[in-house]
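Colleague: Questions regarding the structure given below will be posed in turn.
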Amino acid sequence: MTESAGTVDRRGHLLTLEGGEGVGKSTNLACIEALLRAHGLDVCVTREPGGTPIGEAIRGLLLAEGPTAPSAMAELLLIFAARAQHIQDVIEPALAAGRWVLCDRFTDATYAYQGFARGLSLDAIATLELLVQGQVRPSFSVLLDLPPSVGLERASQRAALDRFEVEGEQFFNRVREGYLSRTTLEPDRWLVVDASQSLKQVQDQLIEGLTPWMQAHVDQ
Ligand code: Z5A
């Protein structure tokens with residue numbers, strides 16, 4: 001990659017990690033980050049909702065249980081408000097500098113949670129996606145797929161549940177359906193991993209699935 005006057009001639013890539021409740025995103029994010037770094041990539045790890053001071057404040061509003069809970073539409077708009085700030089302050093500068101961005105959830109989560117699970121219009125989400133993101137889209141996405149009954153059992157071990165985690169199995173069945181439908185729309189973008197396997201099996205599949213894609217894109 002050549003560099004001149006603070007700019008690079010090659011943009012980085014946006015990779016996203018997705019999945020429903022209790023699939024092991026946090027556990028596996030570190031594995032993916034280590035894989036990217038082992039290939040010499042300059043990685044920016046971030047998350048949604050969040051990633052900026054404004055985004056983290058919005059995350060607090062979204063996850064808090066209680067009387068201040070937003071309506072479904074307010075939730076959608078808050079998520080895209082956080083995303084707008086995140087793209088401007090973190091994602092776009094990193095991509096423009098040739099860095100690879102590894103983001104814990106992105107817009108596929110909005111289609112799955114606000115679209116499929118909350119029942120908001122997928123067309124409205126697509127309109128906001130274009131307005132807020134312009135051309136910014138993930139180059140590659142990993143879906144950790146797990147039956148919600150298993151994921152909810154894993155998540156129940158947590159000390160306190162947030163406003164999404166208290167939703168029932170039907171909600172997370174719709175989330176899963178939403179994610180799987182996203183993978184069929186753009187199969188080449190997705191690596192789907194069966195997250196009901198042992199952690200070692202999951203991570204072996206992550207490495208096996210990501211490595212060829214990564215190697216093919218390091219110099220592109
Ligand atoms: N949200 C939204 O609605 N719309 C949007 O557009 C966006 C987000 C971007 C917060 O996100 C909420 O935001 C999210 C949707 C909404 N709510 N939900 N659900 P988050 O990313 O913070 O959500 P999270 O699901 O809580 O993520 P997490 O902290 O990464 O949890 P996790 O996937 O369950 O991961 P974990 O903590 O690594 O694993 C859970 C447990 O399972 C843990 O004890 C592990 O040790 C265990 N584990 C992990 N893998 C295995 C295997 N293979 N076997 C056995 N046990 C395992």
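The values are calculated or read from the model by the stated rules, or taken from the named source; none is laboratory data. Note that the structure is a prediction, hence the values are computed from the model and not measured. Every residue, glycine as well, gets a Cβ built from its backbone with ideal geometry; the counts of neighbours run over all protein chains shown. Remember, those area values only see protein heavy atoms, side chains included, never the ligands or the DNA or RNA. Shrake-Rupley method; radii C 1.70, N 1.55, O 1.52, S 1.80 Å.
Colleague: Of the residues Arg182, Arg163, Arg154, which is on the phi < 0 side of the Ramachandran plot, charged (D, E, K, R) and assigned to a loop (DSSP other than H, G, I, E, B)?
Modeller: Just one listed residue meets the conditions, Arg163.
Colleague: So Leu17 passes all but one of these: (1) open to solvent by less than 30 Å² (accessible area, probe 1.4 Å); (2) in contact (Cβ under 8 Å) with a residue 60 or more places away in the chain; (3) outside any strand (DSSP E or B); (4) on the phi < 0 side of the Ramachandran plot. Which condition number does it fail?
Modeller: The single condition Leu17 does not satisfy is (3).
Colleague: Let me confirm something: among Gln197, Gln201, which residue is open to solvent by less than 70 Å² (accessible area, probe 1.4 Å) and either within 14 Å of the ligand (Cβ to nearest atom) or under 16 Å from Leu35 (Cα atoms) (or both)?
Modeller: Going through Gln197, Gln201 in turn, just one is open to solvent by less than 70 Å² (accessible area, probe 1.4 Å) and either within 14 Å of the ligand (Cβ to nearest atom) or under 16 Å from Leu35 (Cα atoms) (or both): Gln197.
Colleague: Looking only at the range 26-59, how many residues end up being open to solvent by less than 60 Å² (accessible area, probe 1.4 Å) and at pLDDT below 95?
Modeller: The number of residues fulfilling the criteria is 0.
Colleague: Are there any pairs with C-beta distances below 7 angstrom linking a residue in the range 50-63 that is farther than 10 Å from Gln85 by Cβ and among the hydrophobic types (A, V, I, L, M, F, W, C) to a residue that is at pLDDT 95 or above and open to solvent by 40 Å² or more (accessible area, probe 1.4 Å), with the two at least 6 apart or on different chains, and if so which?
Modeller: Note: pairs meeting the criteria are Leu61/Leu78; Leu62/Leu78.
Colleague: Considering Ala117, Ala155, Ala112, Ala159, which residue is loosely packed, with under 14 Cβ neighbours inside 10 Å and within 22 Å of Val23 (Cα to Cα)?
Modeller: Ala159
Colleague: Looking at the range 60-96, which of its residues are open to solvent by 50 Å² or more (accessible area, probe 1.4 Å) and of a type in the set (A, V, I, L, M)?
Modeller: Answer for the range 60-96, where residues must be open to solvent by 50 Å² or more (accessible area, probe 1.4 Å) and of a type in the set (A, V, I, L, M): Leu61, Met73, Leu77.
Colleague: With the requirement that a residue be over 22 Å from Ser121 (Cβ atoms) and in contact with a Ser or Thr (Cβ under 7 Å, 6 or more places away or on another chain), what does the range 62-90 give you?
Modeller: Passing the criteria: Gln85, His86, Asp89, Val90.
Colleague: Just one of (1) under 13 Å from the mean Cα position of the chain (by Cα); (2) more than 11 Å from the ligand (Cβ to nearest atom); (3) without any contact (Cβ under 8 Å) to a residue 60 or more places away in the chain trips up Arg83, so point out which.
Modeller: Result: Arg83 passes all but (2).
Colleague: Which members of the range 162-191 meet the condition of being open to solvent by 70 Å² or more (accessible area, probe 1.4 Å) and touching a residue at least 12 places away in the same chain (Cβ under 8 Å)?
Modeller: If the condition is that a residue be open to solvent by 70 Å² or more (accessible area, probe 1.4 Å) and touching a residue at least 12 places away in the same chain (Cβ under 8 Å), then Val166, Glu169, Arg174, Arg176, Glu177 are the ones that fit.
Colleague: Specify the residue that is nearest to Thr27 (Cα to Cα); the eligible residues are those in the range 147-192 that are more than 10 Å from the ligand (Cβ to nearest atom) and touching a Pro at 6+ places or on another chain (Cβ under 8 Å).
Modeller: It comes out as Arg176.
Colleague: Is it the case that some residue within the range 187-206 is within 22 Å of Arg118 (Cα to Cα) and in a helix (DSSP H, G or I)?
Modeller: No, there is no match, as no residue in the range 187-206 is within 22 Å of Arg118 (Cα to Cα) and in a helix (DSSP H, G or I).
Colleague: Residues to consider are Arg99, Arg105; find the one that is open to solvent by 10 Å² or more (accessible area, probe 1.4 Å), more than 14 Å from His13 (Cα to Cα) and at pLDDT 95 or above.
Modeller: Step by step, each of Arg99, Arg105 is checked, and only Arg105 is open to solvent by 10 Å² or more (accessible area, probe 1.4 Å), more than 14 Å from His13 (Cα to Cα) and at pLDDT 95 or above.
Colleague: Using the structure shown, decide if Leu144 is open to solvent by 20 Å² or more (accessible area, probe 1.4 Å), hydrophobic (A, V, I, L, M, F, W, C) and within 13 Å of the ligand (Cβ to nearest atom).
Modeller: no
Colleague: Being within 15 Å of the ligand (Cβ to nearest atom) and either at pLDDT below 95 or surrounded by 15 or more Cβ atoms within 10 Å (Cβ to Cβ) (or both): is that true of Val218 here?
Modeller: So Val218 fails the test.
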